[in-house]
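Q: Take this structure, written in structure tokens, and hold onto it; I'll ask about it next.
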Amino acid sequence: MSEQKVILEVKNLKRYFNVGKNQTLKAVDNVSFTVYKGETFGLVGESGCGKSTLGRTIIRLYGATGGEVLFDGVNVHGKLSGAQSHELSRRMQMIFQDPYASLNPRMKVMDIVAEGIDAHGLAKSAQERAQMVIDLLEVVGLQEEHANRFPHEFSGGQRQRIGIARALAVNPDFIIADEPISALDVSIQAQVINLLKKLQEQRQLTYLFIAHDLSMVKHISDRVGVMYLGSMAELASSQELFDNPLHPYTQALLSAIPLPDPDLEQSRSRVVLEGSIPSPINLPECCHFCSRCPKATELCKKKAPEMVEAQPGHWVACHLIPSPCK
């Protein structure tokens, strides 16, 4: 993995929201990680931990409060020329969580998928535009006649395929998939995941895959980052994270995944978290997990831990973990 090209570098990224008088919601706080070209980087955590805000800040739907996002060496939140901004919007695309809300109900599928084609002038004629859309629909498993229908005429899984076709229309290099299957039936989820994997191979795509379904993340991701209350708690290869979770929060998350073997499921011990989640507004300068952590020490209650490389390629933010890889 070290020989691969870095396509995305997130450095100390912050996204804060003012939510009242002297009150700040630190939705994303000092997050750093890299994504290599051609890989799938999974991002997991509980609802409200800042995953989607992080994805939207990377793709510039939100401005950054601090830090940098470097895409192919270009700071996406820096001063960009019109041409640079235009090119970034083509190379970075997003698939949204809700296939019902992310498609304009007043537009036909032809025009929804062609939005990017029109914005970037990729078709020389109306005929070429229509053919490009039809080709894209076929790529995602839909048919030519679907182009003249409206979103309400489709199922949830079909709508998500339309959203994927829209993202692919401008030939992007990097796609943020923001919980793309959470609103779909379980029977449809695997189809969409397999489609994403097939497209990745065919088009050399790089994904940031945001989800809270850990089993699916393990299936699709090369590396995984675990977020908790706006910060990164742990980051490792998918196999390493699931085989050897170091952070107490990651251990609790993984222990909640049901095992297919009933004997193993019955014999294993589950990590049950007690205590309350602190308010994300005006968080104290301590480990954000210490109020729920069964192993918390006095140091955890006084100082926030830094991300350290506990093992090669395995990073964790926990005072209890030594950092021999310096």
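Okay, residues lined up against (1) in contact with a helix residue (DSSP H, G or I) (Cβ under 8 Å, 6 or more places away or on another chain); (2) in a strand (DSSP E or B); (3) modelled with pLDDT of 95 or more:
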site	(1), (2), (3)
Val10	yes, yes, yes
Arg15	yes, yes, yes
Leu25	no, yes, no
Asn30	no, yes, no
Val35	no, yes, yes
Phe41	no, yes, yes
Ser47	no, no, no
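Q: Still on this structure: Would you point out the residue of the stretch 130-160, among those that are in a helix (DSSP H, G or I) and among the polar types (S, T, N, Q), that is least open to solvent (accessible area, probe 1.4 Å)?
A: Ranking the candidates gives Gln160 first.
Residues are listed down the side, and each one gets a yes or a no for (1) open to solvent by 40 Å² or more (accessible area, probe 1.4 Å); (2) within 21 Å of Ile210 (Cα to Cα); (3) charged (D, E, K, R):
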| site | (1), (2), (3) |
| --- | --- |
| Ala64 | no, yes, no |
| Ser81 | yes, no, no |
| Arg91 | yes, yes, yes |
| Gln97 | yes, yes, no |
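Q: If a residue must be open to solvent by 40 Å² or more (accessible area, probe 1.4 Å) and over 12 Å from Met94 (Cβ atoms), how many such residues does the stretch 47-61 contain?
A: Of the residues in the stretch 47-61, 2 are open to solvent by 40 Å² or more (accessible area, probe 1.4 Å) and over 12 Å from Met94 (Cβ atoms).
Q: Continuing with this model, one more query. Looking at Cys300, Cys287, which is the one that is open to solvent by less than 30 Å² (accessible area, probe 1.4 Å) and touching a residue at least 24 places away in the same chain (Cβ under 8 Å)?
A: Residue meeting the stated conditions: Cys287.
Q: Then there is this: Which one of Val271, Val308 is modelled with pLDDT under 90 and in contact with a Ser or Thr (Cβ under 6 Å, 6 or more places away or on another chain)?
A: Unique residue meeting the criteria: Val271.
The values are calculated or read from the model by the stated rules, or taken from the named source; none is laboratory data. This is a predicted model, so every value here is computed, not measured. Using ideal geometry, Cβ is built from the backbone for each residue, glycine included, and neighbour counts are taken over all protein chains shown. Note: accessible area is taken over every heavy atom of the protein model, side chains too, but ligands, DNA and RNA are not part of it. Shrake-Rupley method; radii C 1.70, N 1.55, O 1.52, S 1.80 Å.
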